[in-house]
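A.B. asks: Once you've had a glance at the structure underneath, I'll fire off some questions.
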Amino acid sequence: MRVIRIDKSDWDAGVEKLRDTYRLIGPVKEKFYHTFAALEAGQIPDMEYVNSRISPKYAIYPQSEIILSCSLNEDDEDYKIYHEPEDKNYEQKAVLGIRPCDADSFELVRVNFDTEEYKDPYWLRAYESTTFVGLACDSPCPTCFCTSAGSGPYSDKNLDIMLVDKQDHYLAEIITEKGEKLAKAAGWQTEAEEGATDAIDKSRADAESKIKSSVGTENLAKQSLLDLYEATVIWEKPAFACINCGTCTYACPTCWCFDIQDEVHGKESFRIRNWDSCMYPIFTTHASGHNPRGTKLDRVRQRFMHKLKYYVDKYENGIQCTGCGRCVSLCPVNIDIRGICNMMNSYDPESCTCEVTAS
Amino acid sequence: MESYIDKIKEISKRLLEEGKVDMVVGYRRGSVPTMHQPFFARSKAEVDELVWDSNCGLNLANYITDSQENIGILATGCNSRNIAVHIVEGKVKREQLHIIGIPCKGMIDRHKLSAMAPAPIASIEEDEEKGKVTISGEGFSDTLNKTEVMQENCTLCLHRNPVIYDELVAQEVAEQSKDEVDPHARVKEIEAMSPEDKWAHFDDLLSDCIRCYACRNACPLCYCPLCFVDESHPQWVGKSLDPTDVRTFHFLRAYHCAGRCTDCGACVRSCPVGINVRDFTKKLEKDCMELFGWEAGLTTEQRPPLDTYKPDDPEEFIK
Amino acid sequence: MENPYIPYPVRIDEIKTETEDKSLKTFKFVFLNPEDEEKFAYKAGQFAELSVPGLGEIPIGIASSPTEKGFVKFTIFKTGKVTSYMHSMKEGDIMGIRGPLGNWYPWETLEGKNVVIIGGGFAFTTLRSSIIYMLEPENRKKFKDINVIYGARSPGMLLYKDELEAWAQRDDLNMNITVDSCDDPDWPHHTGFVPTITEQEGPSGTDDTYAIVCGPPIMIKFTQPVLDKLGYTEDRIIMSLENRMKCGIGMCGRCNIGKELVCKDGPVFTLQQLNQTPKEY
Amino acid sequence: MKNLLEHMGIEPERLHFSWISSAESTKFVDVATKVTDSAKSLENKEKKFVKTKPKVA
């Protein structure tokens, strides 16, 4: 890995050059918060942002996406025969300024879409055609807990390039081949001065020390799945408060559940994949009306058990959470995954109590 | 309103002790500023967890329906009006409830506050006497007038005191009159627009919607077992982010709340992207006022106007 | 990269109404592209997503047996949007099927063993597949005794009536047909609920005997204690689950029971496995 | 309903309410003509509540 120096005065010009070979996506302020959006000609990402309100998972995995289409016109050759839509665009793109926690989420999600038996072509093609230019995080929010969730403000394991803000310039770690290619395309080639790596390490340590909240995860794998499932003390209060909206799941970078819907437009039919949420009763309701997760408690428990126990056991890949804190700050009824994780981690089935109950 | 808490705890403990209620529904302290968690207390120890301040802006009437238990519930003006709506609509029985009335001084707008803060807010403190709110976070500490950061619906509220209650936690607060505030100023602004501008206004309003349904689920009125957007047989609305589908959801949901909505603001407060859903509901509120002289939730004796037929109902629109 | 969402186009070759209330129809599909039939190689117990363009997909157990060539069969109960529409479709119509999906009854384990099949109502579809598969001369010798206990509300509600009667005539399988109630004095089979008949007619559980149970929740609930009494251990009771599904390939996230995905890790589980998961089915 | 639709930008010309008895055939013709005429007067305006073809994304 090498480190280069990008003077901020060269940044805009470099971004412009990238447009020749990449479709660009980056943080922009819309109304009163930031989103990741396609950067139009001349538009520069707002690198002074804290983080986007909703996670940028939609850069790879859009909230609504056509996966198949077919004709409903009897005269057509593909009458009622579904196929991939022809105009899917997987030309290479670059996501600029993504935070390390959000980039780490793609690795956690990949296990779902890229399995031995089945590969999700849409997620994988979008992921593989993307270069991630991350922006290390120097001012984490009070709700951040990435360092204890397997990520971190300077986590570079799923980035192609990581930028470290040094006021008038960025120090950029070129981490992968993809990153090398992008830096070249932008014309960013100035080797950083000696000591750059140490400077990054120092910033990293500073940033990590600013993360004030944490979750305990060391016992999650050891806990009995059914004990946690039946631990009323963990679930009863959050289940009461929960209104079963989809905010947490839609804001979350690692929630991947989806619904498939057919929509007809004129003589064409489209099979559309939309994000779905385990918070919704109809997520699991059978056609007969029977619902295996019929209560609010069932659904609240499903979300946290999935992230903090089922995932842990199934993939042996840590928790399905990067500690971005979005669900904590956006939940309209203040259900806090940090508190719940700590309760699950410290639950004692003998006494049915939790040693740690808050974040 | 923080001064209410001792009285709230005293009443709650008494009710539980006397066996008058099985639980008291209120809030417990949240883990982030401006957000408390709806909570039920069944024991004295749990009662001690209760809090009350200007960050209790959801609607607790949302938490008492379809229950067989006896419930003590903390209720501000709007919350009590929604309880009245529930009683009229048969979602809860008056006898089941012990309403602990809270004269309300208005809730803080979490969206406005976070937009005003230069960085994420780490803590919030309120000085009730001076009417000031101090927010602080990394590198900043700002003191603001509470009136500047109140939820808009609270600034326009004409029923800050509970309309039905069993006991009050404090003396009633002074009500605002229609001479002081015009609850429908914003509606009038929109009404004055051309159809094109109106359409564009609502397009822009809803452009950030992610269809998480927080507005619907935070609303005490939205208790349908299966919402029309969730029905699949027949399917009324598509489920993608198509703007027509998004708008259909919002405007029909609002319409289902006509004459029932108390402008409690729970929909706006719960929205993760800060959409002012009240631009729909306020119009209906205004119409109900003008056409039927009706304000929702002021009585447990009468059903809302769109739920009943009277020979003298206005019908100018029928040609 | 193979796209697992694209259904194979099929033509409805034959539609047969199975039950007197017309709520169940069996659809026989023929692949439009013969090579797709090879790609659709399945085992008894698997399911597929049936796709009606413009309406959606539904997960349905495969009722035909891998030993039956040239077509695949599904029996469909009219309940939701897609199934209701399918009941109005005609022979010759084009639709799609995607699969085969999920695991299958553990045929490798069952070889050389006694097999008891216990089914109720319209959950008999993959059991039909299994019986036909086992009765195929090539396969029959791989199994010891085969017992079948199948029940429905009334004679008119039994699926695959002609085949049931034919199986009842055979001496290489012990067929027990039962109905909850019947006012026909000449009804030649049992009357009574499946758990009761299982207790009367079912073979005792031995190390060599496996039960495959498939039916409505109430039947499963009352059959379990009976099997327990007959001496079946949890790992010798095999069940097939249903949950709401969309993708069928373990990605959309709704059908899980604990960490197991019913669509991919199931739908077939032993009772032993199920006892280690939350009962979210 | 009419008020709310107009409030969000549906032109008044698009929505009409009438009470017509089955015996009032002339009134029906009258109303139908008025409704179609008034809707036609919007010919050049943007269509409302018509879904466009889904985008591929």
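A.B. asks: Quick test of your reading of the structure: A:A186 fulfils all but one of (1) over 28 Å from A:D348 (Cβ atoms); (2) open to solvent by 10 Å² or more (accessible area, probe 1.4 Å). Name the failing condition by number.
C.D. replies: Condition not satisfied by A:A186: (2).
Table: residues versus (1) in contact (Cβ under 8 Å) with a residue 24 or more places away in the chain; (2) closer than 29 Å to B:G274 by Cα.
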position	(1), (2)
A:I6	yes, no
A:A13	yes, no
A:D20	yes, no
A:I25	yes, yes
A:K31	no, yes
A:A38	no, yes
A:Q43	no, yes
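A.B. asks: If you check every pair at least six apart or on different chains, which have Cβ atoms under 8 Å apart with a residue in the range C:116-128 that is under 21 Å from C:P66 (Cβ atoms) first and a residue that is polar (S, T, N, Q) and part of a helix (DSSP H, G or I) second?
C.D. replies: C:I117/C:S130
A.B. asks: Still on this model: Scanning for something in contact with a Gly (Cβ under 8 Å, 6 or more places away or on another chain), more than 22 Å from C:L127 (Cα to Cα) and surrounded by 16 or more Cβ atoms within 10 Å (Cβ to Cβ), does the range C:14-37 turn up at least one residue? Don't jump to the end; show me each part of the working.
C.D. replies: Taking the range C:14-37 as the starting set, the residues that turn out to be in contact with a Gly (Cβ under 8 Å, 6 or more places away or on another chain) are C:19-21, C:30, C:37.
Applying the additional criterion that residues be more than 22 Å from C:L127 (Cα to Cα) yields none.
There is no residue in the range C:14-37 that is in contact with a Gly (Cβ under 8 Å, 6 or more places away or on another chain), more than 22 Å from C:L127 (Cα to Cα) and surrounded by 16 or more Cβ atoms within 10 Å (Cβ to Cβ).
A.B. asks: Six or more apart or on different chains, Cβ atoms under 6 Å: show the pairs whose first residue is in the range C:1-17 and in a loop (DSSP other than H, G, I, E, B) and whose second is open to solvent by 60 Å² or more (accessible area, probe 1.4 Å).
C.D. replies: Cβ pairs passing all conditions: C:M1/A:K119.
A.B. asks: Name, by its number, the condition in (1) away from chain C (no Cβ under 14 Å); (2) touching a strand residue (DSSP E or B) at 6+ places or on another chain (Cβ under 7 Å); (3) open to solvent by 20 Å² or more (accessible area, probe 1.4 Å) that does not hold for A:V333.
C.D. replies: With (1) away from chain C (no Cβ under 14 Å); (2) touching a strand residue (DSSP E or B) at 6+ places or on another chain (Cβ under 7 Å); (3) open to solvent by 20 Å² or more (accessible area, probe 1.4 Å) applied to A:V333, the lone miss is (3).
A.B. asks: I'd like to check which helices (runs of 4 or more DSSP H) are fully inside the range B:202-319 and have at least 2 residues that are within 14 Å of chain A (Cβ to nearest Cβ).
C.D. replies: Working: elements: B:214-218, B:243-256, B:266-270, B:278-292.
The qualifying helices (runs of 4 or more DSSP H) are B:214-218, B:243-256, B:266-270.
A.B. asks: Further, regarding this structure: How many residues, within the range C:249-281, are closer than 20 Å to A:Y61 by Cβ, at the interface with another protein chain (Cβ under 9 Å from one of its Cβ atoms) and in contact (Cβ under 8 Å) with a residue 40 or more places away in the chain?
C.D. replies: The qualifying residues number 2.
Per-residue answers, yes or no, for (1) in contact with a strand residue (DSSP E or B) (Cβ under 6 Å, 6 or more places away or on another chain); (2) facing another protein chain (nearest Cβ under 7 Å); (3) open to solvent by less than 80 Å² (accessible area, probe 1.4 Å); (4) within 24 Å of B:E191 (Cα to Cα):
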site	(1), (2), (3), (4)
D:K2	no, yes, yes, yes
D:L5	no, no, yes, yes
D:M8	no, yes, yes, yes
D:A23	no, no, no, no
D:L42	no, no, yes, yes
D:K45	no, no, no, yes
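Here is a yes/no grid of residues against (1) of a type outside the set (A, V, I, L, M, F, W, C); (2) open to solvent by 20 Å² or more (accessible area, probe 1.4 Å); (3) part of a loop (DSSP other than H, G, I, E, B):
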| position | (1), (2), (3) |
| --- | --- |
| A:H34 | yes, yes, no |
| A:E40 | yes, yes, yes |
| A:Q43 | yes, yes, yes |
| A:Y49 | yes, no, yes |
| A:Y58 | yes, yes, no |
| A:S69 | yes, no, no |
| A:N73 | yes, yes, yes |
| A:E86 | yes, yes, yes |
| A:E91 | yes, yes, yes |
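A.B. asks: Right, B:V47: out of contact with any Pro (no Cβ under 6 Å at 6 or more places or on another chain) and open to solvent by 10 Å² or more (accessible area, probe 1.4 Å) or not? I'd like the intermediate steps shown before the answer.
C.D. replies: Numbers: out of contact with any Pro (no Cβ under 6 Å at 6 or more places or on another chain): yes; open to solvent by 10 Å² or more (accessible area, probe 1.4 Å): no.
No: the conditions fail for B:V47.
A.B. asks: Take the range A:239-266 and flag every residue that is at pLDDT 95 or above and more than 7 Å from every other protein chain (Cβ to nearest Cβ).
C.D. replies: Correct list: A:A239, A:C242, A:C248, A:T249, A:C252, A:P253, A:T254, A:C255.
A.B. asks: Any chance the range B:54-66 includes a residue that's open to solvent by 10 Å² or more (accessible area, probe 1.4 Å) and over 23 Å from B:N153 (Cβ atoms)?
C.D. replies: The answer is yes, given that some residue of the range B:54-66 is open to solvent by 10 Å² or more (accessible area, probe 1.4 Å) and over 23 Å from B:N153 (Cβ atoms).
A.B. asks: Still on this structure, I have one more. Tally the residues that are assigned to a strand (DSSP E or B), within 30 Å of B:E295 (Cβ to Cβ) and either open to solvent by 30 Å² or more (accessible area, probe 1.4 Å) or among the small types (G, A, S) (or both), restricting the search to the range B:122-160.
C.D. replies: First, pick out the residues of the range B:122-160 that are assigned to a strand (DSSP E or B): B:123-127, B:132-137, B:140-145, B:150.
Narrowing the set further to residues that are within 30 Å of B:E295 (Cβ to Cβ) leaves B:126, B:133, B:145, B:150.
Subset that is either open to solvent by 30 Å² or more (accessible area, probe 1.4 Å) or among the small types (G, A, S) (or both): B:126, B:145.
Of the residues in the range B:122-160, 2 are assigned to a strand (DSSP E or B), within 30 Å of B:E295 (Cβ to Cβ) and either open to solvent by 30 Å² or more (accessible area, probe 1.4 Å) or among the small types (G, A, S) (or both).
The values are calculated or read from the model by the stated rules, or taken from the named source; none is laboratory data. Given the structure is predicted, the values throughout are model-derived calculations rather than measurements. Positions of Cβ are backbone-derived with ideal geometry, glycine not excepted, and every protein chain shown enters the neighbour counts. All accessible areas refer to the heavy atoms of the entire protein, side chains included, with ligands and DNA or RNA removed. Shrake-Rupley method; radii C 1.70, N 1.55, O 1.52, S 1.80 Å.
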